[in-house]
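Below is one structure, written out as structure tokens; the observations come after it.
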Ligand code: B12
């Protein structure tokens, strides 16, 4: 699917969406298409870092990814739908200072499809809000999304606030986003880290015994 990857990277939105439709109609597994977008957005991010792309390109990339998600979502639902009773509650949000939400949206969708009751708090969510909502929603798992290096500290604040509220031992915390690694996970005090929504779902299902 090099043609799709090139269209996204070169900001040819119409071509990218037309190719996405073509591949979906041809029976390409939807999550494979998500991976192509993710890969392309990685290249766009690298160009941004090198100074050959700027914020408008990031914005357009985000819009393309959102448009593609709407095309891809119905295929994921029918293909991998769960449909049974709920397996657990999953509280989700992008942490304070960070407004990236495309990956978070995918995580929410995949958790939902896999049987979790998902509450998505949106973006730029403070530790205080996470705790208030956790008290109300009583999640089994809290998923923190963040794409900025700066987000690690916001994530850590959520974990500290959970500890202060006496809730740390009753809830699992998983962090996700392109910059996550073992080091960040230790810094944050989370139970797991992922850079991939599917891996996150797998871990969450293990935690609730599925
Ligand atoms: C699109 C984009 C934007 C869009 C976001 C639009 C939106 N609605 O989300 C806009 C234009 C708003 C934006 C703004 C900025 N961005 Co930006 N952005 C990107 C870009 C190109 C793509 C991100 C993306 O959506 N990827 C696709 C999704 C599907 O991947 P993902 O988020 O990683 O999610 C997957 C997994 O990580 C996982 N996952 C994600 N969250 C979670 C949570 C849980 C619980 C689990 C289980 C899993 C999970 O599941 C997803 C699916 O597999 C990245 C580069 C990159 N490749 O990451 C830069 C990038 C993240 N941005 C960057 C920067 C610097 C900025 C700005 C500071 C730019 C500026 N000067 O203004 C601002 C910051 C704004 C803010 N306060 O948040 C840097 C961050 C560098 C750093 N180390 O901190 C990056 C890495 C680009 C770069 N290489 O320099 N950005």
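The values are calculated or read from the model by the stated rules, or taken from the named source; none is laboratory data. The structure presented is a predicted model; accordingly, all values stated were derived computationally and were not measured. Methodologically, a virtual Cβ is constructed for each residue, glycine included, from the backbone with ideal geometry; neighbour enumeration extends over all protein chains shown.
Tabulated data for the structure shown
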{"item": "Selected residue [without any contact (Cβ under 8 Å) to a residue 12 or more places away in the chain and under 15 Å from residue 74 (Cα atoms)] from 25, 18", "result": "25"}
{"item": "Residue in segment 183-210 that is farthest from the ligand (Cβ to nearest atom), counting only those that are closer than 12 Å to residue 152 by Cα and not in a loop (DSSP other than H, G, I, E, B)", "result": "186"}
{"item": "Count - residues of segment 96-105 that are on the phi > 0 side of the Ramachandran plot and either at pLDDT below 95 or surrounded by 21 or more Cβ atoms within 10 Å (Cβ to Cβ) (or both)", "result": "0"}
{"item": "Subset of segment 52-88 (residues that are at pLDDT 90 or above and either over 18 Å from residue 38 (Cβ atoms) or part of a loop (DSSP other than H, G, I, E, B) (or both))", "result": "52, 53, 54, 55, 56, 87, 88"}
{"item": "Enumeration of residues in segment 160-195 that are touching a residue at least 40 places away in the same chain (Cβ under 8 Å) and closer than 28 Å to residue 36 by Cβ", "result": "176, 177, 178"}
{"item": "Residue check for residue 108: buried (at least 21 other Cβ atoms within 10 Å of the Cβ) and outside the structural domain of residue 46 (by TED's automatic domain parsing)", "result": "yes"}
{"item": "Residue in segment 87-95 that is surrounded by 15 or more Cβ atoms within 10 Å (Cβ to Cβ), farther than 27 Å from residue 115 by Cα and within 21 Å of the chain's Cα centre (by Cα) present", "result": "no"}
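To keep it simple, each residue is scored yes or no on (1) within 9 Å of the ligand (Cβ to nearest atom); (2) in contact with a strand residue (DSSP E or B) (Cβ under 9 Å, 6 or more places away or on another chain).
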site	(1), (2)
35	yes, no
45	yes, no
88	no, yes
92	yes, yes
96	no, yes
